[in-house]
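A quick write-up on the structure given underneath.
Derivation of every value follows stated rules applied to the coordinates shown; laboratory data play no part. These figures come from a predicted structure and were not determined experimentally. Counting neighbours? That spans all protein chains shown, and the Cβs are built from the backbone with ideal geometry, glycine included.
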Amino acid sequence: MTGSAIMIAAPMAQWLEHRSWKKAKTILIYKKGDASDLSNWRPIALSSCLYKLYTSVLVDRLSAWGLRTGALSSIQKGFVPAEGCLEHNFLLQQCLDFARESGAELCVSWLDLKNAFGSVPHSAIFKLLRQHGVHSHFIDIVEEAYSGSTTTIITASGETNPVPMASGVKQGDPLSPIIFNLFIEVLLRSIQAISPLHGFQLFGRTLSCLAFADDIVILSNSSEAAQHMLNVAGEVASWVGLQFNAKKCATLSVSKRRSQTVHTTVQGQPIPSLRQEEAYQHLGVPTGLYVNQTPESTIEQMLKDLHCVECSLLTDWQKLDAIRTFILPQATFALQTSRIQKTCFTKLDQEIKRIVKKALHLPARASNEIIFLPTQKGGANIMPPSELADVGAVNKAFKVLTSPDVVVREIAKASLKRAASRVMRNTNNDGLAAYLSGETLDSSSNSFATIWSAARNAARRICSKIPGFKWGWSDDLQRFSVHIPVPGKTPNIFIVDASSRDQLYRRIRQGLQHKHLLNLIAKPDQGRVMECVSKDPNSNHFIFNGDHTRFCDWRFVFRARLGVLPLNACLRIPDRNRACRRCGGELETTLHVLNNCLGKKNTHHPRTWRNRHSSVIKNLVDIVDTNTKKLVRIEKAVPGSSSRLLPDLVVLDERKKEAAIIDIACPFESRSIALIKKREEKCHKYEPICEELRSAGYTAMCDAIVVGSLGSWDPKNEQALDLLRIRPSERKNLKRRIVSDVIRWSRDLYVGHMTGHRQYSKDVDLFADS
């Protein structure tokens, strides 16, 4: 039996012995507002991990039972495996859109419960669990868990005395969400019971109630029907010991496309009535009849946070991580749930680009694509919010069309057909896919924006960046799909359907990033090196956390890779002398400085090249095991060969008659072909020695380790590492150290070239073979 199974099977008496499971500690986390107001602090309860493990097993079983038997209504989306915020906001917005377009009467009532989780009477919990048919043994466990439970509050001046938990579900307990859902079912079912008379009709479905935990929305076909449903909700809530906070509730009555002031009450308290331009914050989305859902306050806060990050003392890579982790996610929820006006992101887009380029120490003329690429490909992995808005629009439409909830799915498809019928005659499934793909249609419509028009326009914009991007329909599977081409990759297309719906957002994002990479690589100057560094993630390991990287190397490497260093031939200044400032011969390009310039004026280029080369050798020799190290010869002639060549590394095992010749190369990354040619050149150079060794009875092989002078690790180096007998577990750190060391020496070479002063005082001391 597993540990969890043993715990479930343990006798009840053994459970009762764990008195520590009934004790918890609560800390208070400040939220906002007046710090002296206790309601502005969020309590976080900490209890036994063993207790949480035990109850988590129970939760899995009870949740599966509740969904299987129907004890949990499909309208309850809180604490269940569903995208409740998205689906409920969609259904509510569809009702408002339908009423606004057709002139139908609709009344929406948002209800707020006072301290819902903390005010539930324990006796009512146990009673309702029995009425649901929950097994008596399970109820006994819950009763015992709640009996005698206490918590102590941790404050600045110490801990309080134990506070008994007299009512409410236990804060921080894995059992609490499912217990609360089962408890509140009686309220939801009482509203649903009268939905045939008072609910709102939408595409052949009757909607009367939406719930996300304790956030409840009542939908009715008139203000009178709304009051009747509110009366029922109030009576049932009073019966189970709950109270509504009428001041935080709201009602929106729509008739003939306009809002009407209505007077409704719940539990005898008046509910505020919304005007048509007013919004109610429902599940994080401002909702109303004529409401702009663009999160302008969120965008303003993101701009403030961006400037705080820019002015902070964080390292440059930490600034990038802060933007990725804390700033961009602020908009992610809104992008996937709200109707966004993309023009509002213009300033945010510009500021993100400016600040990221500043963190990468790039000039304004540097290609923007490096901001968008994944860190594994050499970029900052910060996508523009305007593109994320398009991804979110397509993702939102796809999610509701493929929802596991049949009501959401059917309403979504009916709504899509209604929208498509305005601009096309053929609204079969293939026609709907063409509509969502943004294909040009014969007619146009001036109707207001919908989730479908947003998805359609977004698909058109994405298709302009990813040719071939489209929606599809499978007659065999009877479901929609989205096709995302990724040319040059294997496979060269992603197809996402209902079975893989959770991957859509990530796949479109990857498709856009791949297109940005292709665009950057296609650029004649700034794409040459990026073609090479994007081949292997080890070439860019330092971007995420700065490992093995000096600050000066960070300031150098991105400019060097894009070819925007302030060199004579890189500056776009008319009539400027583009010749090398040291040798006066060739054009002063990054390639020339790092790999070709011999210098005449107080430079040490050959010496630095030698150190860069030797740093790779030293890293390799240091990592090989002791037994192999005895067989390694460094820059020495191969015994038994007539050649005078001195390979960088030779592994000669006379007992096994095995020989391996490894040479090191640090060419400039003038496209991938430069690395390929350098490897072929090295192998061709030492092949005659291998032939001599083979004739002497050896198994001989030769290969090269090629690392670009700007840190491009060639994926084909693996065979050479095998020949050096380097363990796979040690290769990751080895590659990263080599990449960082090569960049370090290239930076020192560049600065020495610009200043005329050598940037190091000590040369690389290679391992000497005794």
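Among the trypsin sites (Lys or Arg not before Pro) within segment 613-675, which fall in a DSSP loop and have no more than 16 other Cβ atoms within 10 Å of their own Cβ? Please list the in-between numbers first.
Values: sites: Lys618, Lys629, Lys630, Arg633, Lys636, Arg644, Arg655, Lys656, Lys657, Arg671; in loops: Lys630, Lys636, Arg644, Arg655, Lys656, Lys657, Arg671.
The qualifying sites are Lys630, Lys636, Arg644, Arg655, Lys656, Lys657, Arg671.
Which of the trypsin sites (Lys or Arg not before Pro) found in segment 477-573 are loop residues per DSSP with 12 or fewer other Cβ atoms within 10 Å of their Cβ? List each step's numbers first, then the result.
Values: sites: Arg479, Lys489, Arg501, Arg506, Arg507, Arg509, Lys515, Arg528, Lys535, Arg550, Arg555, Arg559, Arg561, Arg572; in loops: Lys489, Lys535, Arg550, Arg572.
Those satisfying the criteria are Lys489, Arg572.
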| message | Using alpha carbons only, how many angstrom separate the centre of segment 57-85 from the centre of segment 656-696? | response | 62 Å
| For segment 333-468: span of alpha carbons on each principal axis (Å, largest first) | 53, 34, 27
| remark: Rounded to the angstrom and largest first, Cα extents along the principal axes for segment 575-666 equal 65, 30, 20
| task | Compute the relative contact order of segment 446-577 as a whole-number percentage, counting only Cα pairs closer than 8 Å that sit 6 or more residues apart in sequence. | result | 13 percent
| query | Mean separation of Cα pairs under 8 Å and 6+ residues apart, divided by the residue count of the chain: what relative contact order is that in percent? | reply | 9 percent
| task | Show that you can apply the helix-only estimate: for the chain, add -39,500 (n - 2.57) for every DSSP H stretch of four or more residues, divide by all residues, and state [θ] at 222 nm to the nearest 500. | result | -14000 deg cm²/dmol
| request: Describe numerically, in nm with one decimal, the distance between label points set 7 Å from Cα along Cα→Cβ at Thr490 and at Ser123. | output: 7.1 nm
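Using a Förster radius of 60 Å, what is the FRET efficiency between Phe138 and Tyr290 based on their Cβ-Cβ separation? Nearest 0.05, please.
After rounding, the FRET efficiency stands at 0.80.
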| request: Relative to the longest principal axis of the C-alpha atoms of the chain, give the angle of the C-alpha long axis of helix 672-695, reported between 0 and 90° and rounded to the nearest 10°. | output: 50 degrees
| task | Sequence neighbours fewer than 8 away in the same chain don't count; with that in mind, list the aspartates and glutamates whose C-alpha is under 12 Å from Lys535. | result | Glu669, Asp714
| said: On C-alpha positions alone, give me the angle between the axis of helix 406-420 and the longest principal axis of the chain, in degrees, nearest 10. | reply: 80 degrees
| said: Straight-line reach from Lys23: which lysines fall under 22 Å, measuring Cα to Cα and dropping same-chain residues less than 8 apart? | reply: Lys52, Lys170
| Picking from Phe90, Ala696, His132, whose Cα lies most toward the positive end of the charge dipole for the chain (charges on Cβ: Lys, Arg +1; Asp, Glu -1)? | Ala696
| message | Using the Cα centre of segment 678-732 as the reference point, and only Cβ charges (+1 on K/R, -1 on D/E), how large is the resulting charge dipole? Debye, rounded to the nearest 20. | response | 240 debye
| said: Give the lysines reachable from Lys417 as a straight Cα distance under 20 Å; neighbours fewer than 8 places away on the same chain don't count. | reply: Lys396, Lys399, Lys470
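Quote to one decimal, in nm, the extra length available between Ala166 and Glu654 on full extension: 0.36 nm per residue of separation minus the C-alpha distance between them. Present the calculation step by step, with values, prior to reporting the outcome.
Working: separation 488, 0.36 × 488 = 175.68 nm, distance 8.14 nm.
This chain segment gains 167.5 nm when fully extended.
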| query | Any idea how far the Cα center of segment 133-192 sits from the one of segment 272-288, in Å? | reply | 32 Å
| task | Just grab the label-to-label distance for Glu235 and Ala35, each label 7 Å out from Cα along the Cβ direction, in nm (one decimal). | result | 4.9 nm
| query | Roughly how many whole Å is it from the C-alpha centroid of segment 254-268 to that of segment 395-410? | reply | 30 Å
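With both bridge residues required to lie in the chain, what share of the DSSP beta bridges run antiparallel, to the nearest 5%? Please list the in-between numbers first.
Working: 58 of 73 bridges.
Beta bridges within the chain, antiparallel portion: roughly 80 percent.
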| query | With axes computed from alpha carbons, what is the tilt in degrees of helix 346-359 against the longest principal axis of the chain, rounded to the nearest 10 within 0 to 90? | reply | 40 degrees
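Using 0.36 nm per residue of separation minus the Cα-Cα distance, give me the extension gain between Asp475 and Glu586 in nm, one decimal. Provide the component values of the computation, followed by the final result.
Numbers: separation 111, 0.36 × 111 = 39.96 nm, distance 6.36 nm.
This chain segment gains 33.6 nm when fully extended.
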| field | Lysine pair number, Cα distance threshold 22 Å (strictly under), segment 612-684, separation 8 or more or different chains | value | 13
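Over segment 148-218, what relative contact order in percent results from Cα pairs under 8 Å that are six or more residues apart?
On the way: 56 pairs, mean separation 12.4, N = 71.
That works out to 17 percent.
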| Percent of C-alpha pairs per 10 Å bin, segment 467-586, short to long | 11, 27, 25, 19, 11, 5, 2
| Tell me, in nm to one decimal, what length is gained between Arg725 and Thr315 on full extension, where the rule is 0.36 nm per residue of separation less the Cα-Cα distance? | 143.9 nm
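How about segment 697-767: which trypsin sites (Lys or Arg not before Pro) there lie in a loop by DSSP and see at most 13 other Cβ atoms within 10 Å? Display every interim value, and only then the final one.
Values: sites: Lys716, Arg725, Arg731, Lys732, Lys735, Arg736, Arg737, Arg744, Arg747, Arg758, Lys762; in loops: Arg725, Arg758, Lys762.
In loop regions of segment 697-767 (DSSP not H, G, I, E or B), the sparsely surrounded trypsin sites (Lys or Arg not before Pro) are Lys762.
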| task | Work out the P(r) tail for the chain: percent of alpha carbon pairs separated by more than 46 Å, whole number. | result | 43 percent
